[in-house]
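Undergrad: To start, I am sharing the structure in question, which I have written as C-alpha cells.
The values are calculated or read from the model by the stated rules, or taken from the named source; none is laboratory data. A quick note: this is a predicted structure, and the numbers were derived from the prediction, not measured. All Cβ positions, even for glycine, are placed from backbone atoms using ideal geometry, and neighbour counts span all protein chains on display.
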Amino acid sequence: WLARIPMSIADRARAAVAEARGPVRAMVESTIEARAINAEDAGSLNAWLEWVASLPWAKLPANELLNMEEAARILDAAHLGDDPVKRLLLDRILGSWLANLSTTRHRGQPLLLVGPPGCGKTSLGRSVATAMGRPCVFVSVPTAVRDGVYLLGCSRVYKGAEPGVIIKAIRSEGTSRIVALLDELDKGFDGPTFGGPSAAASLLELLDGQATWTDQYLQFPFDLSDVVFIATANSMEGVPAALADRCLTLSLQGLSPAERVEAARTRIWPRLLEYYGLPTGLCPLDGDALRYLVLECARPGETGLRGVQSRLEACLLRAAAIGFDHVWPVPVTRALI
C-alpha cells in the first residue's frame with residue numbers, strides 16, 4: 001500500500017534531478033527550503049518544482065533506430081529535386097545518430113535551409129524529423145526577436161512566469177531528442193524588439209554549439225545536446241552574420257517549370273484527393289488545366305509549390321461542389337477554372 005501513496009512535489013523534483021549535473025540539485029533543495037518558510041510564494045515555488053520534476057534530466061540511451069534507406073525515401077517523398085541537399089541531410093542524420101552513441105555531450109552544427117518562398121524548406125525540415133523518428137517543434141524566429149520571453153522564458157519572480165518555447169516543447173514531448181525548426185531566420189532583426197538585445201543574443205547562444213543552455217525561468221543550464229536545430233530563411237540578406245557563421249547553409253534552388261508540373265500531378269493532387277476523401281475518378285485532372293494552373297497562373301518569380309497547392313485546392317473544391325450539387329464525375333478542365 002505504500003507504493004500507492006503519491007510522492008510529494010519536493011520528492012519528485014529531487015528524484016528527477018538525481019542524475020543531473022551542475023547546480024540544479026542545489027537549486028531544488030534551496031527552493032524546497034524557501035517554500036517551507038515563505039508561504040506567500042509557495043504557489044510560484046511549487047510551479048517551478050513541477051517544471052523541474054517534469055523535465056527529462058538523464059542522458060538518453062542510444063536506442064534510436066536508423067534505417068538510411070527509409071530516411072532517403074522519406075526525404076524523396078517530401079521534396080522533389082535538390083538531390084545534393086538531401087544527400088547532405090542524410091549525412092547529418094547519420095552524424096546525429098552516431099553522436100548519440102558517444103558518452104560525451106555535444107551538439108552538431110545547426111542547419112540553415114535557404115531558398116525562395118514555397119520551395120519546401122519547412123516541409124523538408126519536418127521530413128528530417130520524421131526520418132529521424134523525432135517530434136518536430138516549430139519556433140518562430142520573428143516572434144523570438146520581438147519578444148525575448150518567447151524563447152528565453154520569464155524569470156520566476158513574475159506572476160504566471162513560464163519557460164521559453166524550447167523547454168516547453170521538451171516537456172510537452174517528454175524528451176529532449178527533438179528537431180527544433182527555427183522558421184524565418186532572416187526576419188525581424190531590423191524591426192522593433194521588446195525583448196531587448198538579449199533576444200537576438202539568446203539565438204546566438206542557442207546556436208553556439210554548447211551542450212547546455214540557460215532558460216531564464218529555470219535559471220540553470222539545461223542539456224540540449226540531443227536537440228537538432230534546423231533553421232529556414234528565404235535569403236541570406238536578412239540573416240545576421242553572427243548567426244550565419246554558426247550554421248551549415250544548404251541552398252534550395254527551387255523547381256523548374258517541368259518539375260513543378262510533375263510535382264503537382266504526382267504529389268500535390270493525390271494528397272489533396274486523399275485529404276478530402278475523394279476517389280481519383282471523381283475529379284480527373286486534365287493535363288492542359290494542370291499546366292495552366294501551375295505555369296500561367298503563377299505569380300512573377302514563383303518557383304515553389306505553395307501557390308500551386310492553393311490553386312489546385314481551390315479547383316478541387318469547386319469541382320467537388322459541382323459534383324455534390326449535380327452529378328459525378330466532374331473533370332477539372334480549363335473551362336472549370
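Undergrad: Tell me which of these residue 278 doesn't satisfy, since it passes every other one: (1) assigned by TED's automatic domain parsing to the domain that holds residue 109; (2) in a loop (DSSP other than H, G, I, E, B); (3) out of contact with any Phe, Trp or Tyr (no Cβ under 8 Å at 6 or more places or on another chain).
TA: Of the numbered conditions (1) assigned by TED's automatic domain parsing to the domain that holds residue 109; (2) in a loop (DSSP other than H, G, I, E, B); (3) out of contact with any Phe, Trp or Tyr (no Cβ under 8 Å at 6 or more places or on another chain), the odd one out for residue 278 is (1).
Undergrad: If I ask for residues that are without any contact (Cβ under 8 Å) to a residue 60 or more places away in the chain and either over 26 Å from residue 226 (Cα atoms) or assigned to a helix (DSSP H, G or I) (or both), which ones from the range 161-173 would you list?
TA: 165, 168, 169, 172, 173 - these are the residues of the range 161-173 that are without any contact (Cβ under 8 Å) to a residue 60 or more places away in the chain and either over 26 Å from residue 226 (Cα atoms) or assigned to a helix (DSSP H, G or I) (or both).
Undergrad: Next up: Being buried (at least 19 other Cβ atoms within 10 Å of the Cβ) and in contact with a helix residue (DSSP H, G or I) (Cβ under 6 Å, 6 or more places away or on another chain) is the filter here; which residues of the range 256-267 pass it?
TA: So the first thing to find is which residues in the range 256-267 are buried (at least 19 other Cβ atoms within 10 Å of the Cβ), and the list is 260, 263-264.
Answer for the range 256-267, where residues must be buried (at least 19 other Cβ atoms within 10 Å of the Cβ) and in contact with a helix residue (DSSP H, G or I) (Cβ under 6 Å, 6 or more places away or on another chain): 260, 264.
Undergrad: Please go through the range 119-145 and give me each residue that is buried (at least 18 other Cβ atoms within 10 Å of the Cβ), over 19 Å from residue 74 (Cα atoms) and touching a Gly at 6+ places or on another chain (Cβ under 7 Å), ordered by number.
TA: Result: 141, 145.
Undergrad: Which condition does residue 158 not pass, out of (1) surrounded by fewer than 18 Cβ atoms within 10 Å (Cβ to Cβ); (2) touching a residue at least 12 places away in the same chain (Cβ under 8 Å); (3) more than 13 Å from the chain's Cα centre (by Cα), if it passes all the others?
TA: Here residue 158 meets the rest and fails (2).
Undergrad: Filter the range 11-41 down to the residues that are surrounded by 14 or more Cβ atoms within 10 Å (Cβ to Cβ), over 15 Å from residue 171 (Cα atoms) and either among the hydrophobic types (A, V, I, L, M, F, W, C) or assigned by TED's automatic domain parsing to the domain that holds residue 163 (or both) and list them by number.
TA: Selection gives 20, 24, 27, 28, 32.
Undergrad: In the range 213-229, what residues are among the hydrophobic types (A, V, I, L, M, F, W, C) and not in a loop (DSSP other than H, G, I, E, B)?
TA: Narrowing the range 213-229 to residues among the hydrophobic types (A, V, I, L, M, F, W, C): 213, 218, 220, 222, 224, 227-229.
Residues satisfying the conditions are 213, 222, 228, 229.
Undergrad: Could you tell me which of the residues 53, 20 is small (Gly, Ala, Ser), at pLDDT 75 or above and assigned to a helix (DSSP H, G or I)? Step through it out loud before you land on a result.
TA: Numbers: 20 fails: assigned to a helix (DSSP H, G or I).
Step by step, each of 53, 20 is checked, and only 53 is small (Gly, Ala, Ser), at pLDDT 75 or above and assigned to a helix (DSSP H, G or I).
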